[in-house]
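Asks: A single structure is presented below for examination.
The values are calculated or read from the model by the stated rules, or taken from the named source; none is laboratory data. Computed from a prediction, not measured in an experiment: that's the story for all the values here. Here Cβ is always computed from backbone atoms with ideal geometry, including for glycine, and neighbour counts include all displayed protein chains. All accessible areas refer to the heavy atoms of the entire protein, side chains included, with ligands and DNA or RNA removed. Shrake-Rupley method; radii C 1.70, N 1.55, O 1.52, S 1.80 Å.
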Amino acid sequence: MVMMRRVAMVLSMVIFGWVYQITHPPPPKICGRPGGPPVTGPRIKLRDGRHLAYTEYGLPKDVAKFKLIFIHGFTSCRYDRVVTFPPEVYQELGVHIVSFDRPGYGESDPDPNRTPESLAMDVEELADQLGLGSKFYVLGFSMGEAYYFQLPQDQWTLRVAHYAPWLTYWWNTQNWFPASAVAAGRAEVFSSQDLEIIANEEISDEQLRAYPMQQGNFESLHRDMMVGFGRWEFDPMDMEINPIPDGGGSVHLWHGEEDQMVPVTLQRYIAKKLPWVKYHELPGKGHMFPLIPEISQSMIKALLYDEN
């Protein structure tokens, strides 16, 4: 009997240790701290003590007519800009652009309490500290899902992130079942045009390729999954009235008809539900269409000059 109790106790300790291990990811390697990557670019210090890394380009902000903040997507960083133009185009548009690493990516400190609202507050504080003025524009890329049109493995990944976020780290590191095809950059989540664009944009610098997730996958990729596909503080579909009244601005939504990563069905639904959103569907285009210069130029013009 004593032996059985000892065996049961050992088994319990082993199970407890295993459960703890799969639900507690390793701590991030925070930039600028012992064991973490170095800080190589400008950063601001936020209200809660975190740092946010950013890059500025385009016209100097004191002469630019428009200021724009770019928010990168999944697996990306502040260097993955979709609005890179020749100097004469920046001059024509009159735009100053700020791109930043979202929390946990690149050289921005992780935010274990991150929510959609906290990211909006980070953007607001970034604009304030950089002196962008009382009005600026925001451009985001990627991050969306039409659940039942995803690959089965991605459906399971999102199901875990939504219903059991405490298992997100384990699900994305275990070898029993296939995890996110999007996070792995599998070819089947891209259209033929996307693959051509990616081949032309291939990053040769291995260090730059590792930059986005250099602090660890949990506070970047996995946290993105939990925040993006978890439970939000609000439902965007409840915004039936334009939140930017009196002509103070407009919301534009672009989507490639052949996008296999974020199927177009999602954006069609949003455009139907929220008629105040100006929807632009691009025939024959996939997920990576913003990297086509003429398209990104037309997007910026539509956003800044409210062109239909």
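Asks: Checking HIS252 against (1) more than 22 Å from PRO116 (Cβ to Cβ); (2) touching a strand residue (DSSP E or B) at 6+ places or on another chain (Cβ under 7 Å), only one condition comes out false. Which one?
Replies: So the condition that HIS252 fails would be (1).
Asks: Could you check region 84-111 and list, in sequence order, the residues that are part of a loop (DSSP other than H, G, I, E, B) and either in contact with a His (Cβ under 6 Å, 6 or more places away or on another chain) or closer than 26 Å to LEU46 by Cα (or both)?
Replies: ASP101, ARG102, PRO103, GLY104, TYR105, GLY106, GLU107, SER108, ASP109, PRO110, ASP111, listed by residue number.
Asks: Residues in region 265-280: is at least one closer than 18 Å to SER76 by Cα and in contact (Cβ under 8 Å) with a residue 40 or more places away in the chain?
Replies: no
Asks: Name the residue, out of VAL227, VAL277, VAL251, that is open to solvent by 30 Å² or more (accessible area, probe 1.4 Å) and at pLDDT 85 or above.
Replies: VAL251
Asks: Now, a different point. List pairs: first residue in region 281-308 and farther than 19 Å from GLU201 by Cβ and touching a residue at least 60 places away in the same chain (Cβ under 8 Å), second residue surrounded by fewer than 14 Cβ atoms within 10 Å (Cβ to Cβ) and charged (D, E, K, R) anywhere in the structure, Cβ distance under 9 angstrom, at least six positions apart or on different chains.
Replies: Close Cβ pairs satisfying both conditions: LYS301/GLU307; LEU304/LYS65.
Asks: I'd like to check which helices (runs of 4 or more DSSP H) are fully inside region 115-189 and have at least 2 residues that are at pLDDT 90 or above and either open to solvent by less than 40 Å² (accessible area, probe 1.4 Å) or closer than 15 Å to VAL262 by Cβ (or both).
Replies: 116-129
Asks: A further question on this structure: Restricting the search to region 254-274, which residues are assigned to a loop (DSSP other than H, G, I, E, B) and either open to solvent by 30 Å² or more (accessible area, probe 1.4 Å) or acidic (Asp, Glu) (or both)?
Replies: GLU257, GLU258, ASP259, GLN260 - these are the residues of region 254-274 that are assigned to a loop (DSSP other than H, G, I, E, B) and either open to solvent by 30 Å² or more (accessible area, probe 1.4 Å) or acidic (Asp, Glu) (or both).
Asks: Is it the case that region 11-27 has a residue that's at pLDDT 95 or above, open to solvent by 100 Å² or more (accessible area, probe 1.4 Å) and not in a helix (DSSP H, G or I)?
Replies: Checked region 11-27: no residue is at pLDDT 95 or above, open to solvent by 100 Å² or more (accessible area, probe 1.4 Å) and not in a helix (DSSP H, G or I).
Asks: Could you check region 65-93 and list, in sequence order, the residues that are more than 21 Å from the chain's Cα centre (by Cα) and either open to solvent by less than 10 Å² (accessible area, probe 1.4 Å) or charged (D, E, K, R) (or both)?
Replies: LYS65, GLU88, GLU92, LEU93, listed by residue number.
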